[in-house]
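What follows is a single structure, written as structure tokens, with notes after it.
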Amino acid sequence: MSAKFNIGERSGYAGVPLVFRLFLFFGFIVIALVFVYYTQNVVGQLKSNSLRMVNLSIKLLQVELSQETSGEATGVIFDEIIAPTEIPIIITDRNNEPLFFRNIQGLDTNAVTDENREKLMERIELMNEKYGRFPIKHIDQATGTETIINYFYYGDPQLIRQLQAMPFIEIGIVAAFLLLGYIGYRNIKRSEQHFIWVGMAKETAHQLGTPISSLMGWLEILNIWYDEEKKAGVDEEELSQIEDVSQQMTRDIERLQKIANRFSQIGSRPALKSADLNKVIEDVVEYFRERLPYQGKGITISFMPGQIESVRINSELIGWVIENLVKNSLEACDPMAGRIMIATSMSQDKKTVIAEFGDNGKGIPAGGHNKIFHPGFTSKKRGWGLGLSLAKRIIEEYHDGHIGVKSSVPNRETIIQFSLPVEKNGIKEDQKA
Ligand SMILES: Nc1ncnc2c1ncn2[C@@H]1O[C@H](COP(=O)(O)OP(=O)(O)OP(=O)(O)O)[C@@H](O)[C@H]1O
Ligand SMILES: [Mg+2]
């Protein structure tokens, strides 16, 4: 038996198609890059405008402060030139003590007071870190000597700060929309799948109903003939042959009825009853053991029932899960040396019953542990990849349990296990049904 694990996905896999996911992902990256690039560009232009404005203001102040005249023009430079630009500026004396400022957020006066001095000092530090300080010099007309009399600090206008935050806000909004779209699309796909799945199951159950009832009728006729022939004293050997055929047919019809019943339970909430999981497993194991001579001559199936509490289950559906697990193990094992080991036990906290299905087959690679439960996931030529997704649905949706791959070492031991919550005490028999 080849150990190659060549998983394929049939069309109809319930997830969102890879192409669509890639499209969303790369679309998002492109949109984000365009946003960032565009705003960075605008911010860059605004910043160079600010710098030009600052340089102009410094030059004007320098000229003004170089004059021996009063500082009348300084007020005009501040209020007519700097204030409308919304560029925050602070001018200090040569000892870094704030003297004038404009456009500093959170300060409503234009005068340096004891209260706002600390805040101004903080802003000075930030402005210095970002753009440095610009000295305003007094140039002695006569001697030409320069003395620093003030420092000029500036920061980003509020508009720039808001613009810098823009791409992140926009990216956030786009991401939220994409996420909503993705979830919506996935939910639509899921409910569509659910609808098809349930519809097919119910239709199959319905269609099987008619031939099954008809077969039961034929069987009844066969049994009447048998009784008549017996009374008429027909040959013993012939009688036992008819009896044999009748018994085989009864079993097959019962099996067909079971299948139809299982299908009809999918979709609506199945009725749960208190049951012994060991008994349900035993029945399935018995069913497979009888068929082993045809399916795999060298395969053995062993079952070690543990001391477990009763569980509230739909035995028909859980029986279906067990069948799927055993069938998968049979298909994974070498027909001449396969070993399938099933065991039940209580979880450590005694809250769940655990059933383990082990085999020494070809195993499941680590990357496939979750994927094998997706509908349509199969590594088999003739598989549909439905067995485990059905098992997951039955265990997790209908029984509040859990199913997963416990461990897998190729050709040694692969264990798939499910757990079911134990029946809670205090539930009356009539509530259980
Ligand atoms: N015991 C196991 N050992 C190795 N691989 C397994 C085992 N059980 C499941 N798998 C892998 O998981 C895949 C999905 O299993 P699933 O029962 O859902 O579908 P399938 O057996 O391929 O087809 P279907 O059950 O519909 O006939 C299988 O194709 C197989 O590759
Ligand atoms: Mg299967």
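The values are calculated or read from the model by the stated rules, or taken from the named source; none is laboratory data. Only a predicted model underlies this, so the values are computations on that prediction, with no experimental measurement involved. Note: ideal-geometry Cβ built from the backbone for every residue, glycine included; neighbour counts use all protein chains shown. Each accessible area value is taken on the protein alone, full model and side chains, heavy atoms only, with ligands, DNA and RNA left out. Shrake-Rupley method; radii C 1.70, N 1.55, O 1.52, S 1.80 Å.
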What's the number of the condition ARG21 fails, among (1) open to solvent by less than 40 Å² (accessible area, probe 1.4 Å); (2) basic (Lys, Arg); (3) more than 23 Å from ILE148 (Cβ to Cβ)? (1)
Inspect all residues belonging to the range 2-16 and state whether any of them is at pLDDT 80 or above, within 30 Å of ARG382 (Cβ to Cβ) and within 31 Å of the chain's Cα centre (by Cα). no
Could you check the range 104-118 and list, in sequence order, the residues that are loosely packed, with under 15 Cβ neighbours inside 10 Å and either of a type outside the set (A, V, I, L, M) or under 50 Å from the mean Cα position of the chain (by Cα) (or both)? GLN105, GLY106, ASP108, THR109, ASN110, THR113, ASP114, GLU115, ARG117, GLU118
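Using the structure shown, decide if ILE354 is hydrophobic (A, V, I, L, M, F, W, C) and more than 16 Å from ligand 2 (Cβ to nearest atom). Don't jump to the end; show me each part of the working.
Values: hydrophobic (A, V, I, L, M, F, W, C): yes; more than 16 Å from ligand 2 (Cβ to nearest atom): yes.
In short, yes.
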What is the residue count in the range 332-347 for residues that are part of a helix (DSSP H, G or I) and over 30 Å from the mean Cα position of the chain (by Cα)? 0
In the range 391-406, which residue that is open to solvent by 20 Å² or more (accessible area, probe 1.4 Å) and in a helix (DSSP H, G or I) is nearest to PRO365 (Cα to Cα)? LYS392
With respect to LEU420, determine if the residue is part of a helix (DSSP H, G or I) and either touching a residue at least 12 places away in the same chain (Cβ under 8 Å) or within 30 Å of GLN193 (Cα to Cα) (or both). no
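Being in contact with a helix residue (DSSP H, G or I) (Cβ under 6 Å, 6 or more places away or on another chain), within 9 Å of ligand 1 (Cβ to nearest atom) and not assigned by TED's automatic domain parsing to the domain that holds PHE195 narrows it down to one of LYS362, LYS371, LYS327, so name that one.
Exactly one residue qualifies, and that residue is LYS362.
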Looking only at strands (runs of 3 or more DSSP E) that lie completely in the range 72-183, which have at least 2 residues being in contact (Cβ under 8 Å) with a residue 40 or more places away in the chain and in the same structural domain as PHE25 (by TED's automatic domain parsing)? 89-93, 134-139, 146-154
If the requirement is being within 30 Å of PRO293 (Cβ to Cβ), more than 12 Å from ligand 1 (Cβ to nearest atom) and open to solvent by less than 70 Å² (accessible area, probe 1.4 Å), which of these qualifies: PHE418, PHE357? PHE418
Going by the structure shown, is VAL409 open to solvent by 30 Å² or more (accessible area, probe 1.4 Å) and away from ligand 2 (no atom under 16 Å from the Cβ)? yes
Looking at (1) in contact with a Pro (Cβ under 6 Å, 6 or more places away or on another chain); (2) closer than 17 Å to LYS59 by Cβ, find the lone condition where ILE90 falls short. (2)
Residue under question is LEU386, and the condition is that it be free of Cβ contacts under 8 Å to residues at least 24 places away in the same chain, within 11 Å of ligand 1 (Cβ to nearest atom) and not basic (Lys, Arg); does it hold? yes
Name the single residue, out of those in the range 287-330 being closer than 26 Å to ASN411 by Cα and open to solvent by 80 Å² or more (accessible area, probe 1.4 Å), that is nearest to the chain's Cα centre (by Cα). LYS327
For the range 184-198, enumerate the residues that are under 18 Å from ALA260 (Cα atoms) and either among the β-branched types (Val, Ile, Thr) or surrounded by fewer than 12 Cβ atoms within 10 Å (Cβ to Cβ) (or both). ILE196, VAL198
Could you please find all residues in the range 379-388 being surrounded by fewer than 20 Cβ atoms within 10 Å (Cβ to Cβ) and closer than 27 Å to PRO270 by Cβ? GLY383, TRP384, LEU386
